[in-house]
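What follows is a single structure, written as structure tokens, with notes after it.
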Amino acid sequence: MQSNPRFIMIGGFLGAGKTTTVSRLASHFQSKGKNVIIVTNDQASDLVDTNILRSQGFNVGEVAGSCFCCNFNELTETVERLGEDQRPDVILAEPVGSCTDLVATVIRPLREIYSHPVEIAPYGVIVKPSHGARILSGKKKGGFSPQAEYIFRKQIEEADFVLINRIDELSTEQVDLLAELVADQFEDRPLVRVSAKTGEGFDQLCEVLEQQGQFGQRLMDVDYDVYAEGEAELGWLNCQVQLTAAELIDLDAFLLSLLNQLKEDFAIIGAETAHLKVIGMSDGYYAVANLVSSDTEPQLSLSTGCQTRQANLVVNARVAVDPDSLTEQVRQAIVQLAVACGAEATIGSLQSFRPGRPIPTHRIAKE
């Protein structure tokens, strides 16, 4: 008899490395002969993460326009649509990085309301090192307001276990310090140290996710006024760009130059970056660059070596600045860089806003 699909949700703040982790997990489960579906989530459409995962050949659906908790029905409908041809063995879900209270609003409703039974795996939350070390150490300038830091802490509070990601980029001392901060402030949370990029630590992660038992049980009090203020601190931008040039452009270099320029521009106006991500697509080639905080360097997470005269870009920006300023900075950087390369940049769809107050479809906060 076929067992119920296993629901694995990987949470964590913006830029924590959720998509890379989900991609590696999907590959792992597929190598075991499992049918895997992935559901991504964003406050708007045109999500870089969805494009990345689809480019890797995964069966991906996107819940756009609000978080899983505020659009629970679309989450379940997306799962059912992706599984129409073949019932999934594993459902991997990546929630919006600015969301919390997911045990009460997603996991518990899946268990108690959803008409199709699923097995709930341990709920893992990735701690983002660049902001985690500053926020958890209590530094006055953690990068964000107390309200946004409230979300960061609440995400860890409801986790069954915690992942410390990017260990390939950190010293042993930095990893140990972050582990100590988590252990001191969030007792009884098993810690898994991983590199989503290299795969280090993934055997342990998979062992944790394969555990059987009752998970997603950490119910907590959440001040939705503070939560809403924390989300609204961030300007949110998704846009598509068509790049056309007479001469060949190095796609990898263009993406890195764009993020370096935006990093400089946001530093000038004192706006903290939560996450900047851009994917460039040309003739079946895909390049991806990320900037995960104001005090780190942009990285090319997927390189192509592609030289092209035409490319399509998708830009996702999550920055602590008002949406109008965010739009102006992104538009200006794209156009100026294109001109410097002898190219023309046509900006197509663009959405820029502050997330609205979270209003969950369901919230089961009592035993």
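The values are calculated or read from the model by the stated rules, or taken from the named source; none is laboratory data. Since the structure is predicted, the reported quantities are computational estimates derived from the model, not experimental observations. FYI the Cβ positions are ideal-geometry reconstructions off the backbone, even for glycines, and counts take in every protein chain you see.
What the table below lists for this structure:
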{"item": "Residue list for the range 169-196, restricted to those being farther than 11 Å from residue 127 by Cβ, among the aliphatic types (A, V, I, L, M) and in a helix (DSSP H, G or I)", "result": "177, 183"}
{"item": "Per-region count, the range 324-351, residues assigned to a helix (DSSP H, G or I) and small (Gly, Ala, Ser)", "result": "4"}
{"item": "Residue list for the range 77-103, restricted to those being of a type in the set (A, V, I, L, M, F, W, C) and either part of a loop (DSSP other than H, G, I, E, B) or in contact with a helix residue (DSSP H, G or I) (Cβ under 8 Å, 6 or more places away or on another chain) (or both)", "result": "90, 91, 92, 93, 96, 99, 102"}
{"item": "Residue 321 being of a type in the set (Val, Ile, Thr), at pLDDT 95 or above, within 28 Å of residue 131 (Cα to Cα) and part of a strand (DSSP E or B)", "result": "no"}
{"item": "In the range 215-232, residue surrounded by the most Cβ atoms within 10 Å (Cβ to Cβ) [restricted to those that are more than 16 Å from residue 123 (Cβ to Cβ) and of a type in the set (Phe, Trp, Tyr)]", "result": "227"}
{"item": "Residues that are surrounded by fewer than 19 Cβ atoms within 10 Å (Cβ to Cβ), touching a residue at least 12 places away in the same chain (Cβ under 8 Å) and either of a type in the set (Phe, Trp, Tyr) or under 26 Å from residue 147 (Cβ atoms) (or both), drawn from the range 319-355", "result": "322, 323, 324, 325, 351, 353, 354"}
{"item": "Check on residue 282, under 21 Å from residue 54 (Cβ atoms) and of a type in the set (Ser, Thr, Tyr)", "result": "yes"}
{"item": "Residues satisfying the stated conditions in the range 222-259, i.e. without any contact (Cβ under 8 Å) to a residue 60 or more places away in the chain and not assigned by TED's automatic domain parsing to the domain that holds residue 290", "result": "225"}
{"item": "Selection within the range 1-59 - surrounded by fewer than 21 Cβ atoms within 10 Å (Cβ to Cβ), touching a residue at least 12 places away in the same chain (Cβ under 8 Å), assigned to a loop (DSSP other than H, G, I, E, B) and over 15 Å from the mean Cα position of the chain (by Cα)", "result": "2, 3, 4, 34, 35, 56, 58"}
{"item": "Tabulated pairs, the range 260-275, first in the same structural domain as residue 299 (by TED's automatic domain parsing) and surrounded by fewer than 16 Cβ atoms within 10 Å (Cβ to Cβ), second assigned to a helix (DSSP H, G or I) and of a type in the set (Ser, Thr, Tyr), C-beta under 9 angstrom, 6+ apart or interchain", "result": "269/325"}
{"item": "Residue 64 among the small types (Gly, Ala, Ser), touching a residue at least 24 places away in the same chain (Cβ under 8 Å) and assigned by TED's automatic domain parsing to the domain that holds residue 12", "result": "no"}
{"item": "Unmet criterion (only one of (1) in contact with a strand residue (DSSP E or B) (Cβ under 6 Å, 6 or more places away or on another chain); (2) surrounded by 14 or more Cβ atoms within 10 Å (Cβ to Cβ); (3) in contact (Cβ under 8 Å) with a residue 60 or more places away in the chain) for residue 307", "result": "(3)"}
{"item": "Failed item in (1) modelled with pLDDT under 95; (2) under 20 Å from the mean Cα position of the chain (by Cα); (3) within 23 Å of residue 20 (Cβ to Cβ), with residue 124 passing the rest", "result": "(1)"}
{"item": "Every residue from the range 64-83 that is of a type outside the set (Phe, Trp, Tyr), touching a Ser or Thr at 6+ places or on another chain (Cβ under 6 Å) and at pLDDT 95 or above", "result": "69"}
{"item": "Spans of strands (runs of 3 or more DSSP E) in the range 242-308 with at least 1 residues modelled with pLDDT of 95 or more and under 19 Å from residue 335 (Cα atoms)", "result": "273-282, 285-291"}
